[in-house]
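Please read the structure below before turning to the comments.
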Amino acid sequence: MPSSTPLPRPVSTGSAETTAARRTTVFALCADAALILVFAAIGRDAHQRGDVITGVLATAWPFLAGAALSWLVLRLWRSPLSLWPAGVSVWLGAVTGGMLLRAVTGQTVVLPFVIVALLSLGLFLLGYRLLAAVLRRRKSRRRGA
């Protein structure tokens with residue numbers, strides 16, 4: 001009498017399309033995190049503060065948390081390099097979440113810093129996505145030609 005235990009399924013490595021989508025998501029996540037860290041490092045350097053590594057992390061964590069929340073709530077992995085909604089959501093989530101977390105934890109939140117964060121993170125987080133879109137268009141035109 002045959003057992004009711006199902007046979008093991010072969011491990012699927014996924015399609016090339018799925019693998020490319022995962023790589024794109026990982027790239028976008030890492031790029032967002034790296035650029036937020038660069039923003040924090042530039043800011044700390046401009047104000048000549050010590051504790052380079054721990055200081056950058058202390059400055060960056062609220063913005064990283066805001067960006068991560070945007071990624072999770074809006075499920076941005078579905079189209080991680082799009083300007084809308086991914087780029088705008090990560091940008092505004094990083095700034096809004098970052099400023100709220102800074103305020104709650106007693107860190108400085110003043111209008112000039114909010115403006116600098118909006119402009120800098122907008123340039124960084126939207127800029128590389130815009131560059132990626134231009135490169136994708138050029139690549140698709142070359143294939144079509």
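The values are calculated or read from the model by the stated rules, or taken from the named source; none is laboratory data. Keep in mind it's a predicted model, so treat the numbers as computed, not measured. Note that each Cβ is placed from the backbone with ideal geometry, even for glycine, and that neighbours are counted across all protein chains shown. Only protein heavy atoms, including side chains, enter the accessible area calculation; ligands, DNA and RNA are left aside. Shrake-Rupley method; radii C 1.70, N 1.55, O 1.52, S 1.80 Å.
How much of the accessible area of the chain, probe 1.4 Å, is carbon plus sulfur, in whole percent?
Here carbon and sulfur together make up 68 percent of the probe-accessible area.
Projecting label points 7 angstrom from Cα along Cα→Cβ for V116 and T19 puts them 4.5 nm apart. Shape verdict for the range 86-145, please, from the Cα gyration tensor: rounded (a/c under 1.5), prolate (a/b greater than b/c) or oblate. Cα axes put the range 86-145 in the prolate bin. Helix 16-46: angle to the longest alpha-carbon principal axis of the chain, degrees 0 to 90, nearest 10? Taking Cα atoms only, the helix is inclined about 10 degrees. Against the chain, whose longest principal axis is taken from its Cα atoms, helix 52-73 shows a tilt of about 50°.
Give the accessible surface of the chain per residue, rounded to a whole number of Å², with probe radius 1.4 Å and ligands, DNA and RNA excluded.
Details: 10010 Å² over 145 residues.
So the chain comes to 69 Å² accessible per residue, rounded to a whole number.
Rounded to the nearest 20 debye, the dipole size of the range 99-145 about its Cα centre is 720 debye, using +1 on the Cβ of Lys and Arg and -1 on the Cβ of Asp and Glu.
The relative contact order of the chain comes to 22 percent, based on Cα pairs under 8 Å that sit 6 or more residues apart.
If the only charges are +1 at each Lys and Arg Cβ and -1 at each Asp and Glu Cβ, what is the size of the charge dipole of the chain around the Cα centre, to the nearest 20 debye?
On the way: 16 positive and 4 negative charges, 178 e Å.
The dipole magnitude comes to about 860 debye.
Could you work out the mean projected area of the convex hull around the alpha carbons of the chain, in square nanometres to one decimal? So the Cα hull casts an average projection of 14.4 nm².
Relative to the longest principal axis of the Cα atoms of the chain, the long axis of helix 111-144 makes an angle of roughly 30 degrees.
Eigenvalues of the Cα gyration tensor times 5, then square-rooted: what semi-axes does that give for the range 50-122, in whole angstrom, largest first?
Values: eigenvalues 102, 34, 25 Å².
Here the semi-axes work out to 23, 13, 11 Å.
Distance from the alpha carbon centroid of the range 17-43 to that of the range 107-145 works out to 12 angstrom.
Ranking V116, A21, W77 by how far each Cα lies toward the positive end of the dipole of the chain (charges on Cβ) leaves A21 at the top.
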